[in-house]
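*Asks:* The following block contains the structure, expressed as structure tokens.
The values are calculated or read from the model by the stated rules, or taken from the named source; none is laboratory data. If you're wondering where the values come from, they're calculated on a predicted model, not measured in any experiment. With ideal geometry, Cβ positions are generated from the backbone for all residues, glycine too; neighbour counts draw on all protein chains shown. The area values use the complete protein model at the heavy-atom level, side chains included, leaving out ligands, DNA and RNA. Shrake-Rupley method; radii C 1.70, N 1.55, O 1.52, S 1.80 Å.
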Amino acid sequence: MSTNERIIEARELTKTFSGGVVALDRFTLAVRRGEVVVIIGPSGSGKSTFLRCLNGLEEIDSGSIVIDGIPLDRHRKNRLLIRREVGMVFQSFNLFPHMTARENIDLAQIRVRKKTRTGAAETTMNLLAKVGITEKADRYPHELSGGQQQRVAIARALAMSPKVMLFDEATSALDPEMIGEVLDVMRTLAAEGMTMVIVTHEMGFAREAGDRIVFMESGRIVEEGDAERFFAFPREERTRAFLGQIL
Amino acid sequence: MNKLFHMPAGVRRTALTDSGKFFLLAGLVVWLLTLGTQGMGYHWQWYRVPRYLFTTAGGVWKAGPLLQGLGTTLEISLLSLLCTLIIGLTAALFRLSDSFTARALARSYLELIRNTPLLIQIFFVYFVVSPVLDIGAFASAVLALSLFEGAYAAEILRAGIVSLHRGQWEAAHSLGLGVFDTYRDVILPQAVRRVLPPLAGQGISLIKDSSLVSTIAIYDLTMQGQKIVAETFLAFEIWFTVAAIYLVITFSLSFAVRALENRMNGLPIRGAGGIA
Ligand SMILES: Nc1ncnc2c1ncn2[C@@H]1O[C@H](COP(=O)(O)OP(=O)(O)OP(=O)(O)O)[C@@H](O)[C@H]1O
Ligand SMILES: [Mg+2]
């Protein structure tokens with residue numbers, strides 16, 4: 001694996017919260033371009049913290065993060081650069097409630113990518129078509145179902161043409177009948193070669209869409225491996241116990 | 001039957017008794033007042049008031065001193081309102097800033113303003129600051145009022161900003177929006193809508209508080225009233241008229257803001273994004 005193939009390189013990340021909780025404990029993970037990595041683990045194991053550190057929403061105490069050759073350090077400029085290249089999808093959607101679906105997706109294209117309104121509008125309509133809700137373009141978030149909101153949120157992140165997409169339990173807040181429509185969009189992205197880091201409790205999806213599974217606990221990696229192998233022959237006792245509980 | 005009156009019987013009855021009580025009380029006050037003024041031998045001379053509102057000499061309509069004063073009051077209030085919003089927003093953002101200096105600056109300003117009387121602040125600006133800056137009474141009045149109301153507006157705006165879900169910031173940051181864009185496009189539009197009622201209340205306070213600028217020789221509504229009373233001894237009539245004018249202005253403002261609010265309630269702002 002050559003260095004430029006690694007689009008994400010996280011080394012020895014440590015993060016301790018004020019209460020003394022160690023969320024990341026010398027956590028190291030590299031992700032190849034186009035790879036789909038699924039992170040699983042019990043509640044409080046540091047999955048969200050890792051994703052949030054990757055785009056600078058949370059500051060690491062020590063270690064290093066390099067994304068597509070740009071080090072995520074204290075320089076504000078690099079931080080902004082990385083955020084432009086990394087899209088994030090949240091459990092709670094976090095759409096801007098005072099903007100329509102279209103405006104939500106337009107915003108960063110115009111403000112950050114400095115596109116014209118017409119230029120942005122075209123990308124936005126393409127993305128809405130991609131996530132399958134063209135007819136809801138002028139609806140406000142509160143007029144959409146959870147699944148539709150999450151699909152708008154994915155389109156909003158994609159509008160920045162990110163090199164990496166992070167998903168933090170993107171389907172956990174959804175009613176069961178809406179989970180499928182969001183997972184479908186994620187599958188399409190994976191098939192198109194998008195680099196993705198996904199935190200999820202959907203083991204079926206993890207197995208089928210993930211290239212590599214990372215099982216973490218207490219801020220450390222317990223076991224990682226190729227998706228098929230991981231689920232078929234988990235090596236660690238702890239992994240077997242976790243999978244036994246969840247499957 | 002009119003749809004408006006289709007409300008539960010309980011609600012209708014309380015509304016009726018409430019307004020009944022109100023008019024009874026108002027009537028009582030008026031009656032006591034008339035009785036009192038009769039007792040002290042006061043002669044009501046309402047017919048002398050209109051000429052202070054306006055004159056129609058030779059068919060030409062001309063504003064009298066009271067309406068001129070109202071013009072000054074509105075002018076000062078409007079200018080101050082604008083400055084209040086600018087100062088308030090700046091102070092709110094400073095208080096929420098990452099910079100220690102900015103936060104300390106904002107804190108000192110807020111504490112200083114909110115813990116001293118407005119009248120003293122007006123005097124301070126007029127007698128101490130204005131000679132230094134070489135500004136007139138009018139500018140001093142606007143400056144003092146905006147600094148005072150700005151402190152309260154800042155706290156209102158800050159409350160609106162921090163009431164927003166953290167996810168709004170995170171979503172904006174994850175899209176690569178900077179602090180400025182995030183405030184302008186994401187945070188402030190939502191925060192301002194949330195705090196519109198208290199903010200409007202502050203605007204109404206501003207109009208009322210502006211009467212204090214009469215102490216630095218500005219011929220606003222209050223000052224004109226004072227002057228007319230001194231010349232004519234029509235104390236009751238003039239002060240009633242002045243109060244009524246203030247009331248009309250503040251009432252129409254509250255009414256306008258309520259209408260605006262109702263219109264905005266049609267827009268989604270409460271059902272915030274996702275599972276806030
Ligand atoms: N802002 C914070 N302040 C203090 N402690 C925090 C904070 N955020 C997370 N933690 C703690 O850090 C640990 C890791 O949290 P994290 O959210 O990364 O877990 P997670 O693996 O995403 O869990 P879940 O599956 O429940 O989402 C937990 O013990 C959590 O309580
Ligand atoms: Mg989490």
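*Asks:* Could you please find all residues in region B:214-247 being among the aliphatic types (A, V, I, L, M) and open to solvent by 90 Å² or more (accessible area, probe 1.4 Å)?
*Replies:* B:LEU247
*Asks:* Just to be sure I understand the filter: pairs with C-beta atoms under 7 Å, separated by 6 or more residues or on different chains, first member in region A:12-25 and in contact (Cβ under 8 Å) with a residue 40 or more places away in the chain and open to solvent by less than 40 Å² (accessible area, probe 1.4 Å), second member within 13 Å of ligand 2 (Cβ to nearest atom) and assigned to a strand (DSSP E or B). Which pairs pass?
*Replies:* Note: pairs meeting the criteria are A:LEU13/A:LEU24; A:THR14/A:LEU24; A:LYS15/A:ALA23; A:LYS15/A:LEU24.
*Asks:* Answer yes if at least one residue in region B:55-74 is open to solvent by 50 Å² or more (accessible area, probe 1.4 Å) and aromatic (Phe, Trp, Tyr), and no otherwise.
*Replies:* yes
Residue-wise test of (1) within 16 Å of ligand 2 (Cβ to nearest atom); (2) more than 14 Å from chain B (Cβ to nearest Cβ); (3) part of a helix (DSSP H, G or I); (4) of a type in the set (S, T, N, Q).
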{"residue": "A:THR28", "(1), (2), (3), (4)": "no, yes, no, yes"}
{"residue": "A:GLY34", "(1), (2), (3), (4)": "no, yes, no, no"}
{"residue": "A:SER45", "(1), (2), (3), (4)": "yes, yes, no, yes"}
{"residue": "A:CYS53", "(1), (2), (3), (4)": "yes, no, yes, no"}
{"residue": "A:ASP73", "(1), (2), (3), (4)": "no, yes, no, no"}
{"residue": "A:GLY87", "(1), (2), (3), (4)": "no, no, no, no"}
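*Asks:* Here's something else I'd like to know. When region B:144-180 is examined, which residues are found to be at the interface with chain A (Cβ under 9 Å from one of its Cβ atoms) and open to solvent by less than 30 Å² (accessible area, probe 1.4 Å)?
*Replies:* Those that are at the interface with chain A (Cβ under 9 Å from one of its Cβ atoms) and open to solvent by less than 30 Å² (accessible area, probe 1.4 Å): B:GLY167, B:GLN168, B:GLU170, B:ALA171, B:ALA172, B:SER174, B:LEU175, B:GLY176, B:LEU177, B:GLY178.
*Asks:* Give region A:42-60 a look and list any residue that's surrounded by fewer than 21 Cβ atoms within 10 Å (Cβ to Cβ), within 9 Å of ligand 1 (Cβ to nearest atom) and over 13 Å from the mean Cα position of the chain (by Cα), or say none.
*Replies:* Within region A:42-60, A:PRO42, A:SER43, A:GLY44, A:GLU58 qualify.
*Asks:* What tally of residues in region A:157-172 results from selecting those that are within 13 Å of the chain's Cα centre (by Cα) and away from ligand 1 (no atom under 16 Å from the Cβ)?
*Replies:* Number of matching residues: 6.
*Asks:* What strands (runs of 3 or more DSSP E), lying completely within region A:188-247, carry at least 2 residues that are open to solvent by less than 30 Å² (accessible area, probe 1.4 Å) and free of Cβ contacts under 8 Å to residues at least 24 places away in the same chain?
*Replies:* Passing ranges, in order: A:220-226.
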